[in-house]
Amino acid sequence: MTHPRTIDENAPVIADHTVRITAPLERIWELHTGIGTWPDWQPAITEARLDGPVAPGTTFHWATAGLSIDSTVYEVDEADGARRRILWGGPAHGITGVHEWTFTQDGETVLVRTRESWAGAPVDADRDTLAAALDDSLVSWLAALKKAAE
């Protein structure tokens, strides 16, 4: 089975947000990919469990906004250098989500960008509400990551 290489650019809902964090890239990466510790620094996430290493094909389970979600890691770029990336997604409650995160060193700061696509019947039925919910969740996630890292 092939997996997505990026978000679904044709999805009815796409969110794209960035934040600049003044902290070492390694610290930000460890917080973000330490999936089991997400509830420690993200108030919206009530549980999170990773079923193996942070690597393509590994599944993780998490809960947010009263929803239980199973996601699969599709791609991970941990190479030494200025840029790191993780892509995950899967179906949840009728929505197919694909979530991409990039981490780019910029001097003493790191630019964290998150892009996520949502498609499926619930999105088609209430696009505006779900687009707003996705935007809010990603803005909150970035704010929590910034707070935890700095």
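The values are calculated or read from the model by the stated rules, or taken from the named source; none is laboratory data. All values derive from a computational prediction rather than experimental measurement. Here the Cβ is made from the backbone with ideal geometry for all residues, glycine too, and neighbour counts use every protein chain on show. Accessible surface areas use protein heavy atoms only, side chains included; no ligands, DNA or RNA. Shrake-Rupley method; radii C 1.70, N 1.55, O 1.52, S 1.80 Å.
Summary of computed values
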{"quantity": "Boolean, Asp8 is loosely packed, with under 15 Cβ neighbours inside 10 Å and over 12 Å from the mean Cα position of the chain (by Cα)", "calculated": "no"}
{"quantity": "Qualifying positions in the stretch 19-47 - open to solvent by less than 80 Å² (accessible area, probe 1.4 Å) and either in a loop (DSSP other than H, G, I, E, B) or in contact (Cβ under 8 Å) with a residue 60 or more places away in the chain (or both)", "calculated": "Val19, Ile21, Ala23, Leu25, Ile28, Trp29, Leu31, His32, Gly34, Trp41, Gln42, Ala44"}
{"quantity": "Selection within the stretch 15-45 - farther than 29 Å from Gly107 by Cα and at pLDDT 95 or above", "calculated": "Gly36, Pro39, Ile45"}
{"quantity": "When residues of the stretch 48-77 are limited to those that are of a type in the set (Asp, Glu) and either within 15 Å of the chain's Cα centre (by Cα) or surrounded by 14 or more Cβ atoms within 10 Å (Cβ to Cβ) (or both), the one nearest to His99 (Cα to Cα)", "calculated": "Glu75"}
{"quantity": "Residue count, the stretch 83-136 (criterion: in contact with a helix residue (DSSP H, G or I) (Cβ under 8 Å, 6 or more places away or on another chain), closer than 22 Å to Val73 by Cβ and open to solvent by less than 40 Å² (accessible area, probe 1.4 Å))", "calculated": "9"}
{"quantity": "Residue match in the stretch 8-19 (condition: under 21 Å from Gly94 (Cα atoms) and among the small types (Gly, Ala, Ser))", "calculated": "yes"}
